[in-house]
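Engineer: Before anything else, here's the structure in question.
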Amino acid sequence: MMRKTLFTLLAGFAVLPAAFAQAEPDVPHNGNWTASIRAGDGAKLDSRVVITEFSGTWYGSTGKGTGAKGACKHQKFPITVQHSTQTDLAFTVWGSAVAPTCPDLTITLKTDDQNLFEGTVESVGKIKLTRRR
């Protein structure tokens, strides 16, 4: 009897990870992207973005780091996706995780086409996010 109960418990625990994995919502915008930021002063910044579920990586620059010559250029910055639906995407690029002088970027985007997003980078300017093939 004890052996049967133990087997039933272990079998139940084996199914739990699959149940939780199914309950986790998918991020519809996983994949590789090119980000083009146009600042209010006309400066342009291009980076590559990889989104995987609710995290990812920003490859490139988060802008000019004050007092840190080049500390924010050609780096890998972690990102966290705050919101992801079929038409909306919002994430934060954590520049300060790489160097204290690199800015964090809060990005809010909308789309009518699943391969192109447009929006804003808080306190910086406009952004376009284009899916890479």
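Engineer: For VAL50 paired with HIS83, estimate the spin-label separation in nm (one decimal), with each label point 7 Å from Cα along the Cα-to-Cβ line.
Structural biologist: Distance between the two pseudo-spin positions: 2.7 nm.
Engineer: How much FRET efficiency would the formula 1/(1 + (r/R0)^6) give for LEU116 and LYS76, where r is the Cβ-Cβ distance and R0 is 22 Å, rounded to 0.05?
Structural biologist: The computed FRET efficiency comes out at 0.35.
Engineer: Determine the shape class of segment 31-131: with a ≥ b ≥ c the square roots of the Cα gyration tensor eigenvalues, call it rounded for a/c under 1.5, and otherwise prolate if a/b is greater than b/c, oblate otherwise.
Structural biologist: prolate
Engineer: What are the residues whose amide H is under 5 Å from the amide H of CYS72, where those residues sit 5 or more places off or on another chain and H is modelled from the backbone?
Structural biologist: GLY65
Rule-based calculations on the coordinates, nothing more; no lab input. Since the structure is predicted, the reported quantities are computational estimates derived from the model, not experimental observations. Using ideal geometry, Cβ is built from the backbone for each residue, glycine included, and neighbour counts are taken over all protein chains shown.
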